[in-house]
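Written out below as structure tokens is the structure these notes cover.
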Amino acid sequence: MTSLSNKPLFNQFLSSLLFFHLLLIILLFVSSSTASVSSLSSPFVHSNSKVKIAEETKEAMALLNWKTSLHNKSQSLLSSWVGTTPCNWVEINCDHSGSVTHLNLSGYGLRGVIPAALGNLSKLRTLYLFENQLSGSIPQELGMLSFLIDLDISINNITGVIPASFGNLSKLTYIYLHTNRLFGSFPQEFGINNFTQLKELQIFGNQFTSHLPENVCNGGLLEKFIANDNHFIGSIPKSLRNCTSLTRVRLNGNQLIGNIGESFGIYPHLTYMELSYNKLFGELSANWGQCQNLACLKISNNDISGRLPPELGEASQLQVLILSSNKIHGKIPKELGKLKFLLDLYLDSNKFSGQVPYNFKMLSNLEQLNLANNSLSGHIPDLGKCKKLFLLNLSNNHLRKYIPIQIGNFQYLQNLDLSKNFLTGEIPQQLGDLKMLEILNLSHNALFGNIPSSFNQLLGLTSIDLSYNQLRGPIPNTKPFCEASIEAFRNNTGLCGNATGLKACPFAIGHNLHVKKGKKVTTLILALLGIVFLIFIIVGITFGICFRKTKTKNNPKEVGHQNMFSIWSYDGKMVYENIIEATEDFDYKYCVGVGGHGIVYKADLPTGQVVAVKKFHPFSEDSVANLKSFTSEIHSLTEIRHRNIVKLHGFCSHPRHLLLVYQFLEGGSLEKILNNDELALEFDWVKRVNVVKGVASALSYMHHDCFSPIIHCDISSKNVLLDSEYESHVSDFGTARIMSSDASYWTSFVGTIGYTAPGMLFK
């Protein structure tokens, strides 16, 4: 009865028990499900980490394998390459996932080979191994680097051929294989629907044969194609004709053939084109004139014929035009005279005829002009504005009439060759003003008369040829002429003098009888001139006058961009003001030396000239000594012209300043070098001997070759200046003495205290 009466409560208890039981089952299920999901996801995450670690280890092992194959000394350079994390190693960069993307070991001097293991760097984008001593061949496995963009293994000793697998490197943009010993031909896979990103291909200085890659500009992005000095054959790749992205092309020094007129188009960005030393033929296209940025065009030593297109004069930026050794004929187009930036013009060894264009005189920047070995006629043109010429070769033509005196204005001229023409008349005295002349060839003409006395000034000559003319009289009694071979004077009317193979001049004995008397008269005249000169300087100090070393006639309309000192006599005030401006009124920061009588400053003039300016100390109780030193230096240096004696450009006497302006010698003084441990180490015995020879040559010239001997009196290390080639130049003639050579002198001690100069030993 009791159980029946509590039945609802019992049922409720059973229901609750069942609910809790079901809840427990659900919880157990959810728990087991979660555990099962957890047990599935954990291995997945762990596996991902393992893949990353495995990739790093694989790349590390590849790099370490390569390292161990290198020479022992090379391995020591890679001492940081240890462990399994290459991203921390020297010269290696990685991406965010830890894959190696950049490897740069250029210039390390590594010795060894490139081993196939580098092909495992699957994400590599940049590989720089240039300027090492790597040898062996390029492994095929490098073709697995499908992400590679920039490859540079140049300047090594790598041999063999380019592997065919390179055709897989479709992302390559920059390829540098130059200066190795690669040979064979380019793989057929190269450039065929691949390499559409290619911007630079530099393969010069190898031993490649066969054809150039035909589709090298397949993507239309190629900028630089440098394949010179190989053995390529065949024609110019057709893809270059419309490759308007080109900026620089060098295919010279190969065996390329084909019609040059059909191989090239118009290139708006091209600055440099060289095709010399090939077997190209045909005529030059007028298209070259439309390459508005073209600065250099070299197509010498080919078989080009036809006429030179006048349109070439429209290439307004052209600086270098070299078309030597071809078969170009006709007249030289006068349009070339419009190329105002032209520096070098070589049209030699062709078949040009007619006269040299009259407007070539407008080429004011011209430095080298070579028109030799043609059939040019008429007279030597007026090249009046070509003041920067240092090479002029018009030899082996049909030029007539006289040598123009204007050539004497080319103060930088080093090489003058007018040989094998029909020139007549006397050699102009003005050629003696070419102080920098080293090579002079006037042979095989019809020149007559004496060799000008001004040629005594040409002390820098290293090669002379006056043969096969009608010259007579004495040769200059200077080292360049006296040491020249007989071949330099052969077949003339009657040259004589102190040179091997020449007869002594017949008037030499009679001349010597009057030397002593003449020298006494000369000494008196020089003394009088010295007094006048001193008065002249004093007047100059009073009125503030600037003078050049020598007189020069100038046209005021043509003073624009000339050498400032060639116009000094025209406007000394301008030069003085420019010196003040260049040195900021002689600010001490421009000081390059201090002497007993003044301070030397470096001045960069507006014309681009760099000069040394010696400013004498202000007038004081020493003003007489300063004035004497100033006068002595001018007097001495106006008598001297020698390569080992500093050049005096001019002087300026102003109420505020006494100034001497010289050539600037960048090497500084011998004293500075000897007192600097680092510079002294570089100053080896070859350079030292060269300096001594230069000073000795200068002293010999002053003591024996000047009309009146000059004693320097202060030859010391601080007064020996050097140029960039360690050529010595004697400076500071403030204590110098000019005297008669037939008298004995004993001078009081002057110059550097505690030092006896070699010049003092002269008596």
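For segment 352-366, enumerate the residues that are touching a helix residue (DSSP H, G or I) at 6+ places or on another chain (Cβ under 9 Å), assigned to a loop (DSSP other than H, G, I, E, B) and of a type outside the set (A, V, I, L, M).
Result: PRO357, single match.
For ALA696, only one of the following conditions fails: (1) under 33 Å from the mean Cα position of the chain (by Cα); (2) part of a helix (DSSP H, G or I); (3) touching a residue at least 12 places away in the same chain (Cβ under 8 Å). What is its number?
Of everything listed in (1) under 33 Å from the mean Cα position of the chain (by Cα); (2) part of a helix (DSSP H, G or I); (3) touching a residue at least 12 places away in the same chain (Cβ under 8 Å), ALA696 misses just condition (3).
Could you list, in sequence order, all residues of segment 456-505 that are closer than 20 Å to LEU434 by Cβ and of a type in the set (D, E, K, R)?
Matches in segment 456-505: ASP465, LYS479, GLU483.
Of the residues that make up segment 355-371, is at least one touching a residue at least 24 places away in the same chain (Cβ under 8 Å), within 14 Å of ASN421 (Cα to Cα), out of contact with any Lys or Arg (no Cβ under 9 Å at 6 or more places or on another chain) and not β-branched (Val, Ile, Thr)?
yes
Identify, please: which residue in segment 680-709 is at pLDDT 85 or above and in contact with a helix residue (DSSP H, G or I) (Cβ under 8 Å, 6 or more places away or on another chain) and is, among those, farthest from VAL730 (Cα to Cα)?
The selected residue is PHE683.
Might you check whether a residue that is among the aromatic types (Phe, Trp, Tyr), surrounded by fewer than 19 Cβ atoms within 10 Å (Cβ to Cβ) and over 26 Å from SER353 (Cα atoms) occurs anywhere in segment 419-437?
Within segment 419-437 (the criterion being among the aromatic types (Phe, Trp, Tyr), surrounded by fewer than 19 Cβ atoms within 10 Å (Cβ to Cβ) and over 26 Å from SER353 (Cα atoms)), the answer is no, since none of the residues qualifies.
Quick check, is LYS614 surrounded by 20 or more Cβ atoms within 10 Å (Cβ to Cβ) and at pLDDT 80 or above?
yes
Before we move on, is TYR755 on the phi > 0 side of the Ramachandran plot, surrounded by fewer than 20 Cβ atoms within 10 Å (Cβ to Cβ) and either among the aromatic types (Phe, Trp, Tyr) or at pLDDT 85 or above (or both)?
It is false that TYR755 is on the phi > 0 side of the Ramachandran plot, surrounded by fewer than 20 Cβ atoms within 10 Å (Cβ to Cβ) and either among the aromatic types (Phe, Trp, Tyr) or at pLDDT 85 or above (or both).
Which one of the conditions (1) closer than 25 Å to VAL90 by Cβ; (2) part of a loop (DSSP other than H, G, I, E, B); (3) of a type in the set (D, E, K, R) does GLU141 fail to meet, given that it meets all the rest?
All conditions pass for GLU141, except number (2).
If you take the residues of segment 624-646 that are surrounded by 15 or more Cβ atoms within 10 Å (Cβ to Cβ) and polar (S, T, N, Q), which of them is modelled with the lowest pLDDT?
It comes out as ASN626.
Take the residues of segment 463-519 that are at pLDDT 90 or above and of a type in the set (Val, Ile, Thr): which is farthest from SER708 (Cα to Cα)?
ILE486
For residues that are loosely packed, with under 10 Cβ neighbours inside 10 Å and under 15 Å from GLU727 (Cα atoms), tally how many sit in segment 669-686.
Qualifying residue count for the region: 2.
For LEU339, indicate whether it is farther than 18 Å from SER395 by Cα and out of contact with any Cys (no Cβ under 6 Å at 6 or more places or on another chain).
yes
So which residues in segment 390-402 are buried (at least 22 other Cβ atoms within 10 Å of the Cβ) and free of Cβ contacts under 8 Å to residues at least 40 places away in the same chain, if there are any at all?
Within segment 390-402, LEU392, LEU394, ASN397, LEU399 meet the criteria.
List pairs: first in segment 232-252 and within 10 Å of SER263 (Cβ to Cβ), second of a type outside the set (Lys, Arg) and surrounded by fewer than 18 Cβ atoms within 10 Å (Cβ to Cβ), Cβ under 6 Å, 6+ apart or cross-chain?
SER235/GLY258; ILE236/GLY258; ARG241/GLY265
I'm trying to understand the selection: among the residues of segment 67-92, which are under 39 Å from the mean Cα position of the chain (by Cα) and surrounded by 14 or more Cβ atoms within 10 Å (Cβ to Cβ)?
Answer for segment 67-92, where residues must be under 39 Å from the mean Cα position of the chain (by Cα) and surrounded by 14 or more Cβ atoms within 10 Å (Cβ to Cβ): LYS67, LEU70, SER74, GLN75, LEU77, LEU78, TRP89, GLU91, ILE92.
I want to confirm something. Restricting to segment 273-286 and keeping residues that are outside any loop (DSSP other than H, G, I, E, B) and crowded, with 19+ Cβ neighbours inside 10 Å, which single residue is farthest from the chain's Cα centre (by Cα)?
LEU280
Looking for something of a type in the set (Ser, Thr, Tyr) and buried (at least 23 other Cβ atoms within 10 Å of the Cβ) - is there at least one such residue anywhere in segment 449-472?
Among the residues of segment 449-472, not one is of a type in the set (Ser, Thr, Tyr) and buried (at least 23 other Cβ atoms within 10 Å of the Cβ), which makes the answer no.
Looking at this structure, is PRO268 over 23 Å from ILE233 (Cβ atoms) and in contact with a Leu (Cβ under 7 Å, 6 or more places away or on another chain)?
no
For segment 238-251, what are the residues that are in a loop (DSSP other than H, G, I, E, B) and surrounded by fewer than 22 Cβ atoms within 10 Å (Cβ to Cβ)?
Passing the criteria: ARG241, ASN242, THR244, SER245, THR247.
When you check LEU124 against the structure, is it crowded, with 21+ Cβ neighbours inside 10 Å and outside any helix (DSSP H, G or I), yes or no?
yes
If I ask for residues that are over 26 Å from the mean Cα position of the chain (by Cα) and outside any loop (DSSP other than H, G, I, E, B), which ones from segment 367-406 would you list?
Within segment 367-406, SER375, LEU376, HIS379, ARG400, LYS401, ILE405, GLN406 qualify.
Please give the number of the condition THR68 fails out of (1) free of Cβ contacts under 8 Å to residues at least 12 places away in the same chain; (2) among the β-branched types (Val, Ile, Thr); (3) under 25 Å from GLN197 (Cα atoms).
If we test THR68 against (1) free of Cβ contacts under 8 Å to residues at least 12 places away in the same chain; (2) among the β-branched types (Val, Ile, Thr); (3) under 25 Å from GLN197 (Cα atoms), just (3) comes out false.
I'd like to verify a number: residues in segment 320-338 that are more than 13 Å from ASN370 (Cα to Cα) and of a type in the set (A, V, I, L, M, F, W, C), how many?
Qualifying residue count for the region: 2.
Scan segment 209-262 for residues that are among the β-branched types (Val, Ile, Thr), within 16 Å of ASN287 (Cβ to Cβ) and in contact with an Asp or Glu (Cβ under 8 Å, 6 or more places away or on another chain) and jot them down.
VAL249, ILE260
If you take the residues in segment 94-121 that are of a type outside the set (Lys, Arg), in a strand (DSSP E or B) and in contact (Cβ under 8 Å) with a residue 24 or more places away in the chain, which one is farthest from GLN202 (Cα to Cα)?
VAL100
Name the single residue, out of those in segment 407-422 being assigned to a loop (DSSP other than H, G, I, E, B) and aliphatic (A, V, I, L, M), that is modelled with the highest pLDDT.
Among residues in segment 407-422 that are assigned to a loop (DSSP other than H, G, I, E, B) and aliphatic (A, V, I, L, M), the one modelled with the highest pLDDT is LEU418.
When you go through LYS334, LYS351, LYS298, LYS338 one by one, which is the residue that is at pLDDT 95 or above, surrounded by 15 or more Cβ atoms within 10 Å (Cβ to Cβ) and not small (Gly, Ala, Ser)?
Only one candidate passes the filter, namely LYS298.
The values are calculated or read from the model by the stated rules, or taken from the named source; none is laboratory data. Here the structure is a predicted model, which is why all the values come from computation and not from measurement. A quick note on method: Cβ atoms are made from the backbone with ideal geometry, for glycine too, and the neighbour counts reach across all protein chains shown.
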